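Here's the structure, in structure tokens; my notes come after.
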């Protein structure tokens, strides 16, 4: 996958017509995936190349007066997910206060037409762009009249009756409802992080773990024990993911630990690509270390069985 970082350079112009979509693509959920499917269908007919335009950082981190939103996917995670859905080109648009003051007309004429040679635009029905969010569906319908540029509008998808959106996924995670969040995403939740030194507690229990620190503003899933896999050079290695405070040991701060069922050649400072597959149980304070180990053994057996059914590597 090609990632364009310098789309605003004066001399940059893509060398082929494109079908594009624009959005934050936070989480790359099922609604986003439907847009990607629509793009794939269109490029087969109009001989163009699919391009996703997304923003770095998240626009709300610049224009919102409150705290920036916690991210379902960091930029690195988002690019990895888009690559998995076979998007050949992603334009990573640099977002700042100056850019936020540009009109929808400027974005359409200078970026989409001038630099990306757009032939067709595919957007969600609620998407907006440009100053004061003026670039909505109605604006595009009028602005594209007579240009020969096509416009396809994708309606929202629903999951169990609720409209799928990044905000809805975020809300489900805040409420501890990983099942609903996972259903809306349509793929395992990414939790990439830098490996940091741990306290060695897992090793004393017979389950050595790797501790990670997620990216800035990353939304960490609800506290508990999960089945997970780690992506090492496109090899998917199964394991157990723990998010919690280690209450049996009197801990107070949340830690993220992975017990991988395969040996890993990694070190502190490396980035680990972890994906949470399924929530198994809550974080519990046990009366003794022995009782905790007994439960971890039960977790391991259940998670190994689950991963085996998913054909995730266990050795």
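The values are calculated or read from the model by the stated rules, or taken from the named source; none is laboratory data. Here the structure is a predicted model, which means the values were calculated and not measured. Cβ coordinates were reconstructed from backbone atoms using ideal geometry, including for glycine residues, and neighbour counts include every protein chain displayed.
Observations, loosely collected:
- Look at (1) in a helix (DSSP H, G or I); (2) without any contact (Cβ under 8 Å) to a residue 60 or more places away in the chain and you find that residue 151 fails only one, number (1).
- Complete set of residues in segment 305-315 that are under 12 Å from residue 277 (Cα atoms) and in a helix (DSSP H, G or I): 306, 307
- Filtered residue count, segment 123-154, keeping only those that are at positive phi and crowded, with 18+ Cβ neighbours inside 10 Å: 1
- Residue count for segment 208-252 under the criterion of being out of contact with any helix residue (DSSP H, G or I) (no Cβ under 8 Å at 6 or more places or on another chain), modelled with pLDDT under 95 and either surrounded by fewer than 15 Cβ atoms within 10 Å (Cβ to Cβ) or not in a strand (DSSP E or B) (or both): the result is 7.
- Among the residues of segment 259-290, the one identified as out of contact with any helix residue (DSSP H, G or I) (no Cβ under 8 Å at 6 or more places or on another chain) and in a helix (DSSP H, G or I) is 290.
- The residue pairs whose first member lies in segment 292-312 and is within 26 Å of residue 204 (Cα to Cα), whose second member is in a helix (DSSP H, G or I), and whose beta carbons are closer than 8 Å, counting only pairs six or more residues apart or on different chains, are 292/248.
- Within the option set 69, 50, being more than 14 Å from residue 91 (Cβ to Cβ), under 22 Å from the mean Cα position of the chain (by Cα) and not assigned by TED's automatic domain parsing to the domain that holds residue 219 holds for one residue only, 69.
- Of all residues making up segment 167-191, the number that are out of contact with any strand residue (DSSP E or B) (no Cβ under 6 Å at 6 or more places or on another chain) and assigned to a loop (DSSP other than H, G, I, E, B): 5
- Inclusion of residue 292 among residues that are surrounded by 13 or more Cβ atoms within 10 Å (Cβ to Cβ), more than 21 Å from residue 178 (Cα to Cα) and not assigned by TED's automatic domain parsing to the domain that holds residue 223 is not warranted.
- Given (1) assigned to a strand (DSSP E or B); (2) loosely packed, with under 14 Cβ neighbours inside 10 Å, index of the condition residue 120 fails: (2)
- Residue check for residue 110: in contact (Cβ under 8 Å) with a residue 24 or more places away in the chain and either under 24 Å from residue 43 (Cα atoms) or in contact with a strand residue (DSSP E or B) (Cβ under 6 Å, 6 or more places away or on another chain) (or both): no
Here's the yes/no breakdown for (1) at pLDDT 90 or above; (2) under 27 Å from residue 132 (Cα atoms):
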position: 16; (1), (2): yes, no
position: 23; (1), (2): yes, yes
position: 29; (1), (2): yes, yes
position: 32; (1), (2): yes, yes
position: 46; (1), (2): yes, no
position: 51; (1), (2): yes, yes
position: 57; (1), (2): no, yes
position: 60; (1), (2): no, yes
position: 68; (1), (2): no, yes
